[in-house]
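Okay, so here's the structure we're looking at.
The values are calculated or read from the model by the stated rules, or taken from the named source; none is laboratory data. What you see is a predicted model, and the numbers here were worked out from it, not measured in a lab. Cβ: placed from backbone, ideal geometry, glycine included. Neighbour counts: every protein chain shown. The protein model used for the area step is the full one, side chains on, heavy atoms only, and it has no ligands, DNA or RNA in it. Shrake-Rupley method; radii C 1.70, N 1.55, O 1.52, S 1.80 Å.
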Amino acid sequence: MDTLAFFAIFLPIIGAALAMPFGRAWGDHAAMAVSIACICLAAIFSIILFFNIVGGEDRIVTLFTWMAVGDLQFSWALRFDSLTAVMLIVVNGVSSMVHIYSVGYMHSDPHRPRFFAYLSMFTFMMLMLVTADNLIQLFFGWEGVGLASYLLIGFWYDKDSANKASIKAFIVNRVGDFGFMLGILAIFLIFGSVEFSVIFENAASMADATFHFLGWEVHALTTACLLLFVGAMGKSAQLGLHTWLPDAMEGPTPVSALIHAATMVTAGVFMLARMSPVFEYAPWALLVVCIVGALTAFIGATIGMTQWDIKRVIAYSTMSQLGYMFFAIGVSAYQAAIFHLMTHAFFKSLLFLSAGSVIHAMSDEQDMRKMGGLARHIPWTYAMMWIGSLALAGIGIPMTFGIGFLSDLPGIGFAGFYSKDLIIEAAFADHTWFGILAYWLGTLAAFMTAFYSGRLIFLTFHGKSRVEEKVMAHVHESPWVMLGPLCVLGFGATFAGAIGYYWLVGYGMEGFWGHSVLVLPGNDTIEAAHHVALWVKLMPLGLAVSGLVIAWLYYIVIPSLPATTVRAFRPIYYLFFHKWYFDELYDYTFVRGAMKGGDELWKVGDQTIIDGLGPNGFASASRALGGRFSRLQSGYIYHYAFAMLIGVVVFVSWYFWGLGG
C-alpha cells in the first residue's frame, strides 16, 4: 500500500518537474506526454488505493519528521482513510481528464509545457492537502493550491484582465487564509498539538473549554471553528469572499474546470469535513456555516440567471453548489456534503469542458447572445452539455427499488438528483430554524439552477442563429482528444450518484466512513432525511422541472418574455446582473482607500520624505555643492594666482598665530 500511496500522490509533481525540461529538450508533445502519463497513472493507482482503504483500517504513512520546535512537533505523514480515498479519485480522476482535454484545447498555445507543468503542480498541491495528517501540512497544500491558481488564472500574462484576475484571487484568498492561520493557532492553544489524531481524541474533553480572545472570555472550540471557517470561505468562495471566483474565468477553460470542480474550491469543504470531530462540539459555529452556505447557494443562483458569458454562468453555479455543501455541513450532514462534492466534480468539470468545446467551435466567443442554433453543428458537445445541465439541475424520477444495494435509492436520475436533494432534505430534517431557512433557500436555488441551466442550453444551442457569418464559417465539432474526456465525465455525471449513494449516504454509510467523519448521535440528519414527508422530497424536484419548463417558454416559445420581465422588474434584475454590487462595494470601501493610501505613501512618504531626505537629498546637496566649487574653475590664470596668494596669506597668518599662542 505504501508504494501505491507514493505513486498516487507524487506522480503528478514528478510530471510537473519533467514537463518543462522535456519540453525544451524534445518539444511540446514530449512535455504533454510525460505530464499526462504521470497523472493518468496516479488516477489508476488512486482507484486501486480506494478499494484497499475502504472497509479497512485507517492508515498513516510517516515519511519523516518535519518540525520540532519546543512543544510543536509533527511529522510529514500521509493520512489514508475513506475521506481521503474519495478525494483521491475526485482529484486525480478529474485532473487526468482535464490534462487529456488540454491537448486539444491548448494545441496552438506556444507555452504548453509550462501550462501542463502548472496543471500537474496544482494537482499535487491538492493531493498534499487531502492526505495531510496535521493542520500545518494541510496549510502547506492549502497555500500551494493558492499559488498554483494564481499562476494558472494569470497564465495568459499578456492580458491585463488575466493579471488582475489572478491578483484578485490571490489577495481575496489571503484574507481567508489569515483567518485560517489564526484558527490553526487557536487549535494549538487548545489542544497543544496540530496532529489530527491528538485533536480528534481530545475534542470531547474540550467541549466546554474557554479562553481569552480579543479581551473576551469565549467558547474555545466555537472560536477556533469560526476562524477555520473564514479560511474555508476564501478558498470555497462563500458569500463575502466569493468575488474572485467568476474572475478566475480569465484563465484557460481547462483551468476553470480544475479550479471549480475538483481542486481549489473543494478544499474548504474537505477541511470542514476533516475537522468534523471539532465542529460537532461547536454548534454555534455550525449555525454560522449553515446560514452562510444557504445564502451563498441562493445569491449565487440569482446572479447566474442574469449573466451572458457562458463560463460565468457556470462559475456562479459553482458558487451556488458550494453553498449547498456548506449548509449540509452546517446541519452535520458531512457525508452528504462530500457526496455532493464528488458528484459535482463530475458534472461541473463536464459543463466547463463542454463550454470550452463551444468556445473552441465559436473561435473564442463566450457571449451567449452571439450564439444560437449550434446543436446541429456540434452534436456531441450539445449532448454532453445536456447531461451536465440535467445533473446540475438535479433531474430524476422518484421511485422505489427492491434490489440489493439499490433498495435505498430515492429514484433514478442524474448524479445531482441524489446528492443535492439529499442535502436539502437533511436541512429540513434538522428541525432547527436555520435548517428550515436553508431548506427553503436551497429549494428556491434549485428552481433558479434549473432555469439558468435551461437558459444556457436554449440560448446556445437552440433558436435562431445569432452567430456572425465569419464565425459560423469556422464552427466545427471538437476533436476526439477533447470529446473523449467529455464522454468519461458524462458517464460520471450520469451514474456516479446512483453508484455512490449506498456507500456514501445510504445503508452502507456507517461501514464506509468508519472514523473519518464524526457525527454525534443526536445530529444524524442524513438518517432523518430518509424519513421526511413526501412533499419535502418532491418540492425541490418539482421546482427544478418547473425551472427548465419556464426557461423553455422564455427562450424558445415566447422569446419576448425575457425583455418584458426585465422591464417589469428592472431594479431586481440590475441587482442580480451587477452581482448584488459586491465588487462595487469592495471597490468603494477597500480598493479606492488602499489605492489612495498607497498613492499618498508613494508621493509623500517615499518620494518626498524618504527619497527627498535620503538618496535624492544627498545627491541634490552634493550636486549643489559641486556646482558652487565648479565656479572656482574659471580657466583664468590670474584667478588661480589670486587664490594661491590668499592661501599663502592664510597659511602664514595661521603659522604666526600658532607661534604667538
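Tabulated values for the structure
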quantity	calculated
Between helix 534-552 and the chain: long-axis angle, C-alpha atoms, 0 to 90°, nearest 10	70
Hz values of 3J(HN,Hα) by residue in segment 125-141 - Karplus curve (6.51, -1.76, 1.60), Gly and Pro given as x	5, 5, 5, 4, 5, 7, 9, 5, 10, 7, 5, 5, 5, 4, 5, 4, x
Highest to lowest packing among 580-590, 228-238, 133-143, 21-31, scored as the average C-beta count within 10 Å	228-238, 133-143, 21-31, 580-590
Inter-centroid distance (Cα atoms) of segment 85-99 relative to segment 176-196, Å	29
Part-to-part distance (alpha-carbon centres) for segment 527-549 and segment 338-374, which is given in Å	27
Residue-span extension gain [E217 to Y573] - 0.36 nm each, minus C-alpha spacing	123.7 nm
Helix axis angle, 82-105 relative to the chain longest principal axis, alpha carbon, degrees	70
The chain: relative contact order in percent, alpha carbon pairs under 8 Å with at least 6 residues between	12
Heavy atoms of F428: accessible area, 1.4 Å probe, square angstrom to 10	40
Area of V69 that stays accessible when all protein chains are in place (1.4 Å probe, Å², to 10)	90
Over the chain: helical MRE at 222 nm, DSSP H runs n ≥ 4 each giving -39500 (n - 2.57), nearest 500	-22500 deg cm²/dmol
Whether segment 51-111 is rounded, prolate or oblate, judged on the alpha carbon gyration tensor where a/c under 1.5 counts as rounded	oblate
Contour minus Cα-Cα distance for K470 and K603 (0.36 nm per residue)	42.9 nm
Gyration tensor (alpha-carbon) shape descriptor, segment 90-139, a/c threshold 1.5	oblate
Förster radius 60 Å - calculated FRET efficiency between F491 and S620 (Cβ-Cβ, nearest 0.05)	0.25
Highest to lowest packing among 444-450, 107-113, scored as the average C-beta count within 10 Å	444-450, 107-113
Calculated FRET efficiency for the pair H431/T400, C-beta based, R₀ 25 Å, to 0.05	0.50
Sparse-neighbourhood loop sites, trypsin sites (Lys or Arg not before Pro) in segment 562-661 - DSSP loop, at most 13 other Cβ within 10 angstrom	R631
Shape category assigned to segment 34-137 from the gyration tensor of Cα positions, a/c cut at 1.5	oblate
Placed amide H near H462: partners under 5 Å, 5+ positions off or other chain	G373, L374
Estimated FRET transfer efficiency when R0 is 22 angstrom, pair A25-R114 (beta carbons, to 0.05)	0.90
Order by protection proxy (mean Cβ within 10 Å, highest first), peptides 351-359, 72-80	351-359, 72-80
Largest-first ordering by accessible area, 1.4 Å probe, given options D599, D408	D599, D408
Rounded to the nearest 10 Å², the accessible area of M399 at probe 1.4 Å	80
Percent of C-alpha pairs per 5 Å bin, segment 288-432, short to long	2, 10, 16, 19, 18, 14, 10, 7, 3, 1, 0
Listed residues D177, D430 arranged by accessible area, highest first, probe 1.4 Å	D430, D177
Residue-by-residue Karplus 3J(HN,Hα) for segment 149-155, coefficients 6.51, -1.76, 1.60, Hz, glycine and proline x	5, 4, 5, 7, 5, x, 4
Area projected by the alpha carbon convex hull of the chain, averaged over all directions, nm²	45.2
Helix 283-304 axis, angle to the chain major axis (alpha carbon atoms, nearest 10°)	90
